[in-house]
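Novice: Starting off with a structure, shown below.
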Amino acid sequence: MNKIGFNVLAWSANVSEELFPIIERLKTIGYDGVEYFVGAADENAYKVVGKHSKELGLEVTTVTVVSPDANPINESASVRQKGLDRIKWAIDRSYDLGSTVLCGPFHSAHAHFEAHPALDEEYKRAAEILYQAGEHAKQANIILAPEALNRFECYLCNTMEQLSKLITMVNHPNVRAMFDTHHANIEEKKYATAINTIAPYLSHVHISENDRGTPGDGHVPFDDAFAALSAANYKGWLTIEAFSRNDPDFANAINVWREYNDPWHIAEGGLKFIKEMCQKHGL
């Protein structure tokens, strides 16, 4: 069975000892790993939390974003350099946590748009930055897994076709791709087609319901998703990414204005659901 993880963004975007009771309970519930958001400034905290995760027997993955002032596709070389520096910093903090995969939409600035569809030149800029980031990640034995987001959060990569185009341009063994069932629910015509498109590069999967609540409680066609992952012989993480308003600053930043489900309802129900789907579809 694929390893199953839980993203602690359901509680907090911070990395600190305050997460210890949460990750301890996640281990008790039966999770194989935990996913942290890389963004908090306290660099020592990443080592402390990573050490505790390892002691608990929890493996680690990470996720991050870049801001408009460090946009890898900006026409300014200095802004693009800030983007590369930020991704390298996130790789270093991921290493401190013991992470093996760093995912997220760091190919371009989150929720920042231009008055045009994505340009070939912007794909080229993103590919150049991601290649250099891949070189840094290679030294840390970390796989980078850029993510396609829905049209309301990103314009460079909304679909697996676009993401596949970008990863092909990067052409680096440490730069792969991820698939998120929430974003695909908005942007893809068929899950099977989307997963088949990205399968050659697929290294990470986020299991997310249409409303970001408990997986299996909404209308995401999970049977299609799990069947396609099985057909693609996917062996990577199945990590739940769900949101709440427990961290108001983070919630406001991603437009989460209400509660979907209690985080522990998501964690407990989601784990049971994923295990059932894996057994059903032979993952």
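Derivation of every value follows stated rules applied to the coordinates shown; laboratory data play no part. This structure is a prediction, so every number in the text was calculated from the model and none was measured. Virtual Cβ from ideal backbone geometry, glycine too; neighbours counted across all protein chains shown.
Novice: Once a ≥ b ≥ c are taken as the square roots of the eigenvalues of the Cα gyration tensor of the range 151-282, is the result rounded (a/c under 1.5), prolate (a/b larger than b/c) or oblate (a/b not larger than b/c)?
Specialist: In terms of gyration-tensor shape, oblate.
Novice: Let me ask something else about it. Classify the range 118-188 as rounded, prolate or oblate, taking a ≥ b ≥ c as the square roots of the eigenvalues of its Cα gyration tensor: rounded when a/c is under 1.5, otherwise prolate if a/b is larger than b/c and oblate if not.
Specialist: Verdict is oblate for the range 118-188.
Novice: Something else about it: Within the range 198-218, name every residue whose backbone N is under 13 Å away from a label modeled 7 Å from Cα of Arg258 along the Cβ vector.
Specialist: Only 211-213 fall inside the zone, counting backbone N under 13 Å.
Novice: While we're looking at this one, here's another question. How far apart, in nm, are two points set 7 Å out from the Cα along the Cα-to-Cβ line at Asp85 and at Lys54?
Specialist: The two pseudo-label positions are separated by 2.9 nm.
Novice: Set the Förster distance to 30 Å, then compute FRET efficiency between Met1 and His116 from the Cβ-Cβ distance, nearest 0.05.
Specialist: 0.10
Novice: Something else about it: Which one, Leu58, Ala184, His281, is farthest towards the positive end of the dipole of the range 4-281 when Lys and Arg carry +1 and Asp and Glu -1 on their Cβ?
Specialist: His281
Novice: Strictly greater than 24 Å: what percent of every Cα pair in the chain meets that?
Specialist: Beyond 24 Å sits 46 percent of the P(r) for the chain.
Novice: Also: Please compute the length gained on full extension between Lys275 and Arg151, using 0.36 nm multiplied by the number of residues separating them and subtracting their Cα-Cα distance.
Specialist: Details: separation 124, 0.36 × 124 = 44.64 nm, distance 3.05 nm.
Taking Lys275 through Arg151 to full extension adds about 41.6 nm, to one decimal.
Novice: Where does each of Cys103, Cys157, Cys278 land when they are ranked from fewest to most other beta-carbon atoms within 10 angstrom?
Specialist: Cys278, Cys157, Cys103
Novice: Take the chain, connect every pair of alpha-carbon atoms lying under 10 Å apart with a spring to form a Gaussian network, then pick out the residue of Thr214, Thr61, Thr100 with the largest mean-square fluctuation.
Specialist: Thr100
Novice: Here's a follow-up. With n ≥ 4 as the cut-off for DSSP H runs, can you work out [θ] at 222 nm for the chain, using -39500 (n - 2.57) per run divided by the number of residues, rounded to the nearest 500?
Specialist: -14000 deg cm²/dmol
Novice: Which order results if Trp11, Trp89 are arranged by neighbouring Cβ count within 10 Å, fewest first?
Specialist: Fewest-to-most ranking of Trp11, Trp89: Trp89, Trp11.
Novice: Students often get this wrong, so check it: of Lys88/Lys190; Lys138/Lys272; Lys82/Lys189; Lys3/Lys47, which have C-alpha atoms separated by over 28 Å?
Specialist: Distance filter (> 28 Å) returns Lys88/Lys190; Lys138/Lys272; Lys82/Lys189.
Novice: Going toward the positive end of the dipole of the chain, with +1 on Lys and Arg Cβ and -1 on Asp and Glu Cβ, which of Phe20, Ile87, Leu130 do you reach last?
Specialist: So the residue furthest toward the plus end is Leu130.
Novice: With both partners inside the chain, how many of the DSSP beta bridges are antiparallel, as a percent to the nearest 5?
Specialist: Restricted to the chain, the bridges split so that about 0 percent are antiparallel.
Novice: Figure the gain on full extension for Tyr131 and Asp69 (residue separation times 0.36 nm, minus the Cα-Cα span) and round it to one decimal in nm. The partial results should precede the final answer.
Specialist: Details: separation 62, 0.36 × 62 = 22.32 nm, distance 2.00 nm.
Separation in residues times 0.36 nm, less the Cα-Cα distance, equals 20.3 nm.
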